[in-house]
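Just below is one structure, and these are the notes that go with it.
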Amino acid sequence: MARPSAHPHDGDSSRPAGAARRVQELRSLLTLANRAYYVDASPIMSDAEYDRLLGELAALEAAHPGLQDPNSPTSRVGGEPIDGFRQIRHEVPMLSIDNAYDEASVRDWYARVIGGAARSPREGASLFGEQRSDGSDGELAIVCDPKIDGVAMSLRYEDGRLVHAATRGDGTTGDDVTHAVRTIRSIPLLLEARSDDAPPLPRVLEVRGEVFMPTAAFERLNREREQAGEELLMNPRNATAGTLKNLDPKVAASRGLRFSAHGRGQVIVRKEGDAESFAASHSEFLAAIRALGVPHPTREHTHLCTGIEDVLRVIRAFEQSRHGLDFATDGMVIRVDSYARQRQLGLTSKSPRWAIAFKFPAERKSTVLLDVVHQVGKTGKVTPRAVMRPVLIAGTIVKHATLHNYGRIRDAETDVPGTRTDIRIGDTVLVEKAGEIIPQVVGVVLSARPSDARAITPPQTCPQCAGVVEVEPAEAADNPALETVRRCVNPECAAQIEEKLIWFAGRKQMDIDGLGEKTVRTIRAGGSVPLNSFADVYRLKNHRARLLEIDGLGEKKLDALLAGIEESKGRGLARLLSSMGIRHIGDTTGRQLARVFVDLDALLAASPDHLMPKALPRLRAVELGYDPDPAARPETGLGKDTAVAVHAYLHSSQARRTFDELRSLGLDLRSKEYRAPTAAATHSAFAGKSIVLTGTLSNFDRAALTERLEALGAQVSGSVSKKTDLVIAGESAGSKLAKARELGVSVWDEAMLLKALEEAS
């Protein structure tokens with residue numbers, strides 16, 4: 001490709017006419033450079049040259065405000081922060097795709113597509129009648145492309161101009177993130193045909209795809225955060241989602257996000273006729289939008305296949321090569337190529353019949369266990385953590401992993417069938433990422449055990465404060481393999497205090513902006529400002545001068561921190577209870593208690609029986625004024641054992657002192673969730689049921705659904721057990737769904753849930 005000239009322009013750019021010509025020239029050149037780099041993979045200039053020209057353009061636009069254009073390449077650097085997100089309704093719903101986890105499931109899907117999922121009017125005929133063949137031997141044309149682990153995005157172009165970008169949301173309505181998406185250089189702000197074979201530009205064109213953070217950009221961002229003492233981001237997908245949700249577009253501009261197209265939404269052509277005049281198939285659509293400048297960086301891994309054996313061959317080959325790519329991927333999307341045949345196949349309530357996502361199994365690698373460190377959490381739980389020889393797993397370097405608990409250490413799986421053993425330092429261990437996120441040690445390569453491997457000794461005292469450690473359950477004293485928890489019981493343990501403070505200030509707890517892990521540890525390490533209790537958080541304003549002496553805590557940052565602390569005083573009872581690290585009271589139980597008790601005083605006045613109405617025997621319930629039917633009693637989230645433990649804590653001197661201090665410091669201890677029991681809550685199909693939500697739900701916001709189910713008398717739990725009554729399974733449901741099936745727990749899909757909710761309303 002010929003390199004365009006970037007030599008000085010003709011004419012004087014200080015004059016309006018000359019400036020206008022040069023601005024247009026620079027915009028064209030920079031747009032061409034973006035397309036060459038991101039679409040054609042054939043750069044025409046260096047990064048330094050690009051930045052120089054971009055700087056020249058920015059200076060000209062600043063000097064001549066009348067020449068400014070929102071579609072200028074200078075908009076990529078980000079403008080002013082926005083106030084919040086507006087909602088955008090998708091003209092064509094963004095449906096989720098069903099998953100397959102093995103080749104047999106893919107074969108079943110293909111068989112349904114060919115002849116079983118939908119019947120033609122002639123019973124027993126193939127789905128496509130006499131003309132089912134797109135390929136040879138009656139087989140169907142199928143497109144396979146990588147499933148990028150990013151954030152689903154819809155880009156809407158009108159007359160070739162990007163008008164908005166929206167997240168998938170609930171599939172019907174998503175968040176307007178145009179402010180962030182406009183800063184992504186790989187996304188064209190203007191569509192333009194630059195080849196003779198490009199199709200006519202539609203009047204409306206919605207391009208669906210994934211916004212993602214390349215692996216190199218993710219690693220760079222985490223290095224920067226580590227150097228700044230900030231918490232590391234878990235994975236590229238979370239980093240991408242957080243970036244898009246940031247209200248400051250400059251954040252998105254700095255993080256190197258990319259876009260890859262993978263489908264279409266609404267298409268309105270300029271001439272009469274349907275969208276097929278633009279493209280009649282998925283493969284044609286991808287070629288058409290690429291000709292208009294829309295990137296498809298996975299195109300070399302996208303294949304048009306004929307028949308199921310071709311599809312499976314492509315999947316197997318990609319699974320072997322995927323980890324060398326610069327983007328995270330957890331599978332391949334398999335879809336019927338022809339749009340006409342897609343329409344014939346149709347949709348279910350949540351997903352298309354013409355597509356399925358094959359999910360690769362979790363990658364398992366072997367490495368050497370170098371050491372074990374013992375960490376103390378906010379409730380005193382002591383957890384063993386593996387220190388390992390670095391190993392690349394699912395696109396990231398892993399040096400640490402959870403060892404779960406000391407019972408698992410004593411009784412681990414091995415590479416020898418039917419054999420279990422203890423894990424030892426020096427062992428070759430098997431590591432995988434749970435859900436492609438959290439590294440965990442899952443077994444031992446016993447055949448590789450060295451002669452000098454050392455046993456892992458569980459701490460008999462707290463590794464931080466040397467206090468008493470208790471082993472749970474009590475039966476583990478006689479059978480160590482039963483051990484689930486080893487816990488420091490010293491309430492003054494410094495490690496517990498620090499972890500509790502970090503938890504207390506977290507976004508899902510009291511949400512104190514500016515009081516993150518780094519700030520908590522820095523203040524405590526300094527020693528000049530007391531930060532040893534929740535009450536101390538609200539006394540920080542009394543130590544302004546000393547706080548300003550701490551490195552990294554300037555006046556602006558400190559003012560924001562103190563404002564965040566003051567704002568948190570109004571979070572209410574539920575948030576406070578779930579923030580304090582009280583055993584048995586998490587987010588869900590905190591909300592349930594707040595629905596039953598109007599304020600803290602009412603909670604403190606409650607007896608153990610009042611804390612566990614659902615667990616009460618019938619006669620005792622009637623005596624206390626509850627309905628004899630357990631399903632009709634209020635749900636607190638506490639059972640007979642946990643209620644006693646929580647009651648004991650609430651009436652301990654430590655808890656009373658904490659509550660009194662927080663009250664005196666101005667915290668609102670009233671419930672924002674309190675509601676009197678309703679007929680719907682006591683007589684609905686959900687009343688008294690323990691429900692677990694898993695997977696991605698297409699029709700619901702998870703938090704809103706949880707609140708609705710709880711209002712109908714259900715208890716929404718985060719884990720599946722024998723006590724679980726019902727599991728609601730959405731897309732990508734994994735281990736929780738498998739456990740539900742193992743235990744024989746009822747499983748509903750979203751269609752069943754929607755019907756039950758309609759009946760309950």
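Values in this text are rule-based calculations from the coordinates and carry no lab data. No experiment lies behind these values; they were computed from the predicted model shown. Positions of Cβ are backbone-derived with ideal geometry, glycine not excepted, and every protein chain shown enters the neighbour counts.
Computed values, structure above
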quantity	calculated
Too-long pairs where the Cα-Cα distance tops 21 Å, listed order kept, from Lys433/Lys739; Lys508/Lys672; Lys147/Lys736; Lys147/Lys399; Lys518/Lys557; Lys614/Lys689	Lys147/Lys736; Lys147/Lys399
Globularity index of the stretch 396-450, i.e. its alpha-carbon radius of gyration over 2.2 N^0.38 Å	1.10
Amide N proximity, the stretch 502-524 versus Ser254 label position 7 Å along Cα-to-Cβ, cut-off under 17 Å	514
Full-stretch length increase - Lys245, Arg656 - with 0.36 nm per residue and alpha-carbon distance subtracted	144.0 nm
Tensor-based shape of the stretch 681-760 (alpha-carbon gyration tensor, a/c under 1.5 rounded, otherwise prolate or oblate)	oblate
Asp415-Glu224 pseudo-label distance in nm [points 7 Å out on the Cα-to-Cβ vector]	4.1
Prolate/oblate/rounded call for the stretch 141-359, Cα gyration tensor, a/c under 1.5 rounded	oblate
Prolate/oblate/rounded call for the stretch 274-354, Cα gyration tensor, a/c under 1.5 rounded	oblate
Average Cα contact separation per residue, the stretch 681-760, under 8 Å, 6 or more apart, as relative contact order %	35
Most to least packed among 255-265, 316-326 [average Cβ atoms within 10 Å]	255-265, 316-326
Relative contact order of the chain, pairs being alpha-carbon contacts under 8 Å that are 6 or more residues apart, as %	9
Cα centre as origin, Lys/Arg/Asp/Glu Cβ charges: the chain dipole, Debye	940
Of (i) 0.96; (ii) 1.08; (iii) 1.29, the label for Cα Rg over 2.2 N^0.38 Å derived from the coordinates	(ii)
Segment Lys399-Lys722, length gained on full extension (0.36 nm per residue, minus Cα span)	112.7 nm
Calculated diffusion of the stretch 364-488, Stokes-Einstein form, Kirkwood radius summed over Cα pairs, 20 °C and 1.002 mPa s, µm²/s	143
DSSP bridge pairs, the chain: antiparallel proportion in percent, nearest 5	85
Cα→Cβ-extended label distance, 7 Å offset, between Thr383 and Val644, nm	2.8
Dipole of the stretch 573-676, positive end: most advanced residue of Thr642, Leu600, Met612 [Cβ charges, Cα centre]	Thr642
Leu548-Glu758 pseudo-label distance in nm [points 7 Å out on the Cα-to-Cβ vector]	6.4
Helical contribution to [θ] at 222 nm, DSSP H n ≥ 4, -39,500 (n - 2.57), averaged over the chain, rounded to 500	-9500 deg cm²/dmol
Residues Ala602 and Glu475, FRET efficiency given R0 of 45 Å [Cβ-Cβ distance, rounded to 0.05]	0.75
Sorted peptide list for 407-414, 467-474, criterion being average Cβ within 10 angstrom, highest first	407-414, 467-474
Around Ile456: net Lys/Arg minus Asp/Glu count, Cβ-Cβ under 9 Å	+2
Paramagnetic reach from Lys557 in the stretch 494-520 [backbone N under 16 Å; point 7 Å along Cα→Cβ]	513-520
Estimated FRET transfer efficiency (Arg343, Ser735; beta-carbon r; R0 45 Å; 0.05)	0.80
Using a Förster distance of 30 Å, the FRET efficiency for Ala704-His584 (Cβ separation, nearest 0.05)	0.75
Per-peptide average of other Cβ atoms within 10 Å, ordering 20-32, 740-752 highest first	20-32, 740-752
Unmatched cysteines, the chain - criterion: no other Cβ of a Cys under 4.7 angstrom	Cys144, Cys305
Lys/Arg +1, Asp/Glu -1 at C-beta; the stretch 681-760 dipole; positive extreme among Ser735, Thr694, Leu757	Ser735
